[in-house]
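Following: one structure in structure tokens, then a few remarks.
Just so it is clear, none of the values below were taken in a lab; they were calculated from the coordinates. Source: prediction; values computed, not measured. Methodologically, a virtual Cβ is constructed for each residue, glycine included, from the backbone with ideal geometry; neighbour enumeration extends over all protein chains shown.
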Amino acid sequence: MSQSKSVVVMITEGKSDNGKKASLAFSCALSAISLGMDTTVFLTSDGAVWGYQGSGEGIKAQGFPPLDELIREYQACDGNIMLCSTCHKTCGIGSPDNAPKNIILPGVEIAGFTTVLELADGGNCFTF
């Protein structure tokens, strides 16, 4: 029996490009799901911003649906989203010693690089 292929889509870009790379990344992740691949989006560095409620509102890159719609569609297709544990503490308007103040999107998991490396092992990884 063959094991399904896995895809990790890593988003490192935040709002500086008005969500263009994040829109590309979630479109890529949706494509992978449509092909039956186990798909995880990993949000790290400036891309961690997309793991919080309200962050995709009003963001629409030319040629793409609104980012918040892409994220909702991806999650509705059982797409997995992981938020970098270190970035969550520092980019969530918290600090390494204090809890973040931003609220993560429902269903988003907090994970570290070890988890992502395990998921990517033997699969494909795309970075945006």
Of the residues in segment 27-52, those that are over 19 Å from Ile103 (Cα atoms) and out of contact with any strand residue (DSSP E or B) (no Cβ under 7 Å at 6 or more places or on another chain) come to Ser27, Leu30, Ser31, Ser34, Leu35, Gly36
Looking across segment 41-88 at residues that are under 8 Å from the mean Cα position of the chain (by Cα) and assigned to a helix (DSSP H, G or I), the single one that is nearest to Val108 (Cα to Cα) is Gly51
Scanning segment 37-80 for residues that are under 19 Å from Ser16 (Cβ atoms), small (Gly, Ala, Ser) and surrounded by fewer than 18 Cβ atoms within 10 Å (Cβ to Cβ) gives Ser45, Gly54, Gly58, Gly63
